[in-house]
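All remarks here apply to the structure that follows.
Values in this text are rule-based calculations from the coordinates and carry no lab data. The structure presented is a predicted model; accordingly, all values stated were derived computationally and were not measured. Cβ placement follows ideal geometry from the backbone for every residue including glycine, while neighbour counts extend to all protein chains displayed.
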Amino acid sequence: MAITTKITLIIAEAALETVPDEIARHPSVINHARRLGLKASETLLDRSYHHAAMKGLKEGWKRGRPDLVHFAMLEALSTPLFMKGMLNVYVHTVGDKVIEMAGQLRIPKSYFRFEGLMVKLFQDRQVVSEDTTLLRMWDCSFEQLLQEIGPGRVIGLSTAGVQSDAEKVVRKNMDADHCVYVVGAFPRGHFSEKIAKLFNFTYSIDEIGLESHVVIARLLYECEKATLAA
């Protein structure tokens, strides 16, 4: 995979996955799948429908929020940086899968259409239109993805980081040869230790916890200003 830009965003530990086998026979899962006309294993894990089934799921508090991933992707892919080909965006899921997006990709603003797109992606591992691969998914850990990208610096955004603001974070790291910014897309908690230890620096850009799409919006706006000024 060729890396053609110097700024990359990874939406990491994204709460996006299909229903795991251990809860596939739960009544709430079966009923929801039946309404969608799908097998239980083909549906996205979603706390809105599967709350009762997820009570005994390992780290269930951090999973089953595909809507957060939808918001984060919409925000990132709507920026001038992405539309001008100056930004790479990847989604790394809680189940160690990676989603790569074609340049200038537009994803559905409707969550239900997004859900259908993700279901297809999990099934086929790619979404193709007119011989162009729009989305591609493969099994890959966060560490493996970094090895493939080969960044000069990896910056984590987390409430557990050093207090700063988006403008300062971007300007402090403009000197890096290919900077990767990492924003989580899960409902609660922090990055897992195995991911956080791979950050060169970790920053918090506000005194309060911000939702992922807000962090992405602030960060990429500052990246855009700094890039154009340079």
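Observations on the model:
- With Cα atoms, 0 to 90° folded angle of helix 111-124 axis to the chain main axis: 80 degrees
- Sorted ascending by nearby beta carbons within 10 Å, beginning with the fewest, Leu87, Leu9, Leu146 become Leu146, Leu87, Leu9.
- Taking all pairs of distinct alpha-carbon atoms in the range 99-230, Kirkwood radius in angstrom: 16.6 Å
- Taking amide H positions as modeled 1.01 Å from N, with prolines and chain starts lacking one, the residues under 5 Å from Ile7 and 5 or more places away or on another chain are Asn88.
- Here is the tail figure for the range 140-201: Cα pairs spaced more than 14 Å apart come to 57 percent of all pairs.
- Electrostatic tally near Asp139: other residues with Cβ closer than 11 Å to its Cβ, Lys and Arg +1, Asp and Glu -1, net +1.
- Charge tally for Leu38 (other residues, Cβ to Cβ under 12 Å; Lys, Arg +1; Asp, Glu -1): +2.
- Computed across the range 21-62, the Kirkwood hydrodynamic radius from all distinct Cα-Cα pairs reaches 10.2 Å.
- Protection-proxy order for peptides 72-81, 159-168, each taking the mean of Cβ atoms within 10 Å per residue, highest first: 72-81, 159-168
- A cut-off of 5 Å between modelled amide H atoms, ignoring neighbours fewer than 5 places along the same chain, links Phe201 with Val154, Gly156.
- Per-residue ellipticity at 222 nm, computed for the chain from helices alone with -39500 (n - 2.57) per DSSP H run of at least four residues, works out to -10000 deg cm²/dmol.
- Here the Karplus relation 6.51 cos²θ - 1.76 cosθ + 1.60, evaluated at θ = phi - 60°, turns the backbone of the range 28-42 into coupling constants of 5, 6, 4, 5, 5, 4, 4, 5, 8, x, 10, 6, 4, 6, 8 Hz, with x for every Gly and Pro.
- The 3J(HN,Hα) values that the Karplus relation (6.51, -1.76, 1.60; θ = phi - 60°) gives for the range 211-226 are, in residue order, 5, 4, 5, 6, 4, 4, 4, 5, 5, 6, 5, 5, 4, 5, 4, 5 Hz. Gly and Pro appear as x.
- Arranged from fewest to most other beta-carbon atoms within 10 Å of their beta carbon, Met174, Met54 become Met174, Met54.
- Its alpha carbons considered, the chain gives a radius of gyration followed by a Dmax of 17.5, 56 Å.
- Burial ordering of Lys109, Lys6, Lys172, fewest other beta-carbon atoms within 10 Å first: Lys109, Lys172, Lys6
- Of Lys62/Lys109; Lys6/Lys225; Lys97/Lys194, those spanning more than 18 Å from alpha-carbon to alpha-carbon: Lys62/Lys109
- Order by protection proxy (mean Cβ within 10 Å, highest first), peptides 36-44, 127-135: 36-44, 127-135
- Diffusion coefficient (Stokes-Einstein, Kirkwood radius over C-alpha pairs, 20 °C, 1.002 mPa s) for the range 1-82: 149 µm²/s, rounded to a whole number.
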